[in-house]
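Structure incoming, see below.
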Amino acid sequence: MKLVLSGEQRELREAVRGFLRTASPLPKVRDGYDPQVYARLNGELGLSGLIVPEEYGGAGAGLSELAVVLEETGAALLPGPFLATAFTALALTGTPDKELLTGIAEGRIAATLDQGELSFDGSAASGTLPRVLTGMEADVLVAPAPSGDGDGDGMVLLAVELAGPGVRRTALEPLDLTRGLAEVVLEGAPARVLGPASKTGVGDRLCVALAAEQLGVMRAALESIVAYAKVRVAFGRYIGSYQGVKHKLADMHGKLEQAESIVRYAAWAADESPDELPEAAALAQAYVGRACFEVARDHLLLHGGIGYTWEHDAHLFYKRAKADEVLLGPPRIHRARLAHLLEL
């Protein structure tokens, strides 16, 4: 088991962190998704192709490397479809599709994955997906549908061009203002079968990937409030010198340290020990999801009155943390699954 980043992983982290610091600073995040930043993210760093197999033009890296990248995009509150595209690439791990994976690796295709079931007549898909992550920004939607082969459990993954005929997209007003949601209605939209939907492991990999983003949100929020506590003066003293503030910051740091260990372990399990992945993934979302929200909440509270203003960035972290907490189901669902897996 490896809970410490390798030298190459640290270099990857620094490269992504440096890029996002200049290309997508927090003031720019408020402007929303910038396709040029996304293009540079892929053109200069090749991040969308990180986990795409080499035969499709990707780097063939593992979830451990993707987790490093998602931690940084989470810390930067990067807008746009990067997480959704990563989810899609993970879903295609057992269902390789050359056309889609090559497009993702080259940065030409931004994809989104939805687990809502569609109907499929062999050439066209129909159905309503009420909350598709970055559904307005993505080029391709990937979603499951019954295979129609008479097997009640048989499911396939479909790819639908979101700008094509038979597709109606409506932007929703999301809680997280940095990453959009859309209602997608398909009415006989042309669709093609990517392959059989994997029955094992995909959901677990998504949980680990999301936990990596949440880890980044936690880290950035803690760094922000620690910096503020060193300069904010109240009643003639820096607020960081007050015992109550010290205790709260120590609690936040403890949660961050535990979350980091859990994410590193879960990513390692995904790459090296698949038998351990179900428990590790359930633990990741059972703990990290809630801990991220608590750290973001305390980050806002410790800023005092200014933290509640629209102009301050605290609400951006708070809303991303809450949206992520429920993106793959609330923590109680993952706690129940973990208890079941451990036969408690």
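The values are calculated or read from the model by the stated rules, or taken from the named source; none is laboratory data. All figures in this text were calculated on a predicted structure; none of them were measured in a lab. For neighbour counting, all protein chains shown are included, and Cβ atoms are generated from backbone atoms with ideal geometry for every residue, glycine included. Surface areas here come from the heavy atoms of the whole protein model, side chains and all, with no ligands, DNA or RNA. Shrake-Rupley method; radii C 1.70, N 1.55, O 1.52, S 1.80 Å.
Kindly express, to the nearest 10 degrees and within the range 0 to 90, the angle between helix 202-229's C-alpha long axis and the longest C-alpha principal axis of the chain.
20
Relative contact order, percent, of the chain when contacts are C-alpha pairs under 8 Å separated by at least 6 residues?
17
If you project the alpha carbons of the stretch 185-344 onto the principal axes, what extent comes out on each, in Å, largest first?
Principal axes ranked by extent give 65, 42, 25 Å for the Cα atoms.
Kindly identify the stretch 54-185 as rounded, prolate or oblate by the Cα gyration tensor criterion: order the square roots of the eigenvalues as a ≥ b ≥ c, call it rounded if a/c is under 1.5, otherwise compare a/b with b/c, prolate if a/b is larger, else oblate.
oblate
What translational diffusion coefficient, in µm²/s and rounded to a whole number, does the Stokes-Einstein relation yield for the stretch 4-89 at 25 °C and a viscosity of 0.890 mPa s, taking the hydrodynamic radius as the Kirkwood radius over Cα pairs? Could the numbers behind the result be given before it?
Values: Rh = 13.1 Å.
Roughly 187 µm²/s, to the nearest whole number.
Heavy atoms only, probe 1.4 Å: what % of the accessible area of the chain goes to carbon and sulfur, would you let me know?
Details: 8170 of 15350 Å².
Accessible surface attributable to carbon and sulfur in the chain totals 53 percent.
Tilt of helix 243-272 relative to the longest C-alpha principal axis of the chain, in degrees (0 to 90, nearest 10)?
The two axes meet at around 30 degrees.
Give me the percent relative contact order of the stretch 196-344, please, defined on Cα pairs under 8 angstrom at least 6 residues apart.
Result for the stretch 196-344 is 30 percent.
So, one more: Can you give me the angle between helix 331-341 and the longest principal axis of the chain, using Cα atoms only, in degrees from 0 to 90, rounded to the nearest 10?
With rounding to tens, the tilt is 70 degrees.
Another question about this same structure. Would you tally the net charge around Arg337, using a Cβ to Cβ cut-off of less than 13 Å, leaving Arg337 out, and scoring K and R as +1, D and E as -1? All intermediate terms of the calculation are to be shown ahead of the outcome.
Values: positive: Arg332, Arg335; negative: Asp204, Glu279, Glu343.
Counting the neighbours of Arg337, the net charge comes to -1.
Show me 57-66, 186-195, 6-15 ranked by packing, highest mean number of other Cβ atoms within 10 Å first.
Highest to lowest by the protection proxy: 57-66, 186-195, 6-15.
Here is a further query. So what's the gap between the Cα centers of the stretch 6-83 and the stretch 184-203, to the nearest angstrom?
A separation of 25 Å, based on Cα centres.
Let me ask another. For the peptides 267-276, 42-51, what is the packing order when you average, over each peptide's residues, the other Cβ atoms within 10 Å and list the highest mean first?
42-51, 267-276
Among Gly116, Pro79, Val52, whose Cα projects farthest towards the positive end of the dipole of the chain, with charges put on the beta-carbon of Lys, Arg (+1) and Asp, Glu (-1)?
The listed residue farthest towards the positive side: Pro79.
Let me ask something else. Give the shape of the stretch 157-261 as rounded, prolate or oblate, defined through the alpha-carbon gyration tensor: a ≥ b ≥ c are the square roots of its eigenvalues, a/c under 1.5 means rounded, and otherwise the shape is prolate if a/b is larger than b/c and oblate if not.
Judged from the Cα gyration tensor, the stretch 157-261 comes out oblate (a/c at least 1.5, b/c at or above a/b).
Let me ask another. Need the list of lysines near Lys98 for cross-linking: C-alpha distance under 22 angstrom, and skip anything on the same chain fewer than eight residues off.
Straight-distance partners of Lys98: Lys199.
Can you tell me, using C-alpha contacts under 8 Å and at least 6 residues apart, the relative contact order of the stretch 1-158 as a whole percent? Walk me through the numbers before you get to the answer.
On the way: 217 pairs, mean separation 29.7, N = 158.
Here the relative contact order equals 19 percent.
Still on this structure, I have one more. Compute the distance in nm between two label points, each set 7 Å from the Cα along the Cα-to-Cβ direction, one at Asp251 and one at Gln36.
My value for the distance between the label points is 4.4 nm.
Now for a separate question. Given +1 on the Cβ of Lys and Arg, -1 on the Cβ of Asp and Glu, and no further charges, what dipole in debye does the stretch 210-344 carry about its Cα centre, rounded to the nearest 20? Don't skip to the end; give the middle numbers.
On the way: 16 positive and 17 negative charges, 163 e Å.
The dipole of the stretch 210-344 has a size of about 780 debye.
What order do you get for 290-301, 311-322, 72-83 when each peptide is scored by the mean count of other beta carbon atoms within 10 Å, highest first?
Listed from highest to lowest mean packing, they are 72-83, 290-301, 311-322.
What does the charge count near Leu41 come to, summing +1 for each Lys or Arg and -1 for each Asp or Glu among other residues with Cβ under 12 Å from its Cβ?
Value of the local net charge: -2.
Working from the pairwise distances between different alpha carbons, so that the mean of 1/r is found and then inverted, what is the chain's Kirkwood radius in Å?
20.7
Quote the Stokes-Einstein diffusion coefficient, in whole µm² s⁻¹, for the stretch 254-322, based on the Kirkwood radius over alpha carbon pairs, a temperature of 20 °C and a viscosity of 1.002 mPa s. Each step should come with its number before you reach the end.
Numbers: Rh = 13.2 Å.
Diffusion coefficient, whole number: 162 µm²/s.
Suppose only helical runs count, i.e. DSSP H with n ≥ 4. What mean residue ellipticity at 222 nm does that imply for the chain under -39500 (n - 2.57) per run, divided by all residues and rounded to the nearest 500 deg cm²/dmol? Before the final figure, lay out the partial values.
Details: 12 runs with 167 residues, N = 344.
Value at 222 nm, helices only: -15500 deg cm²/dmol.
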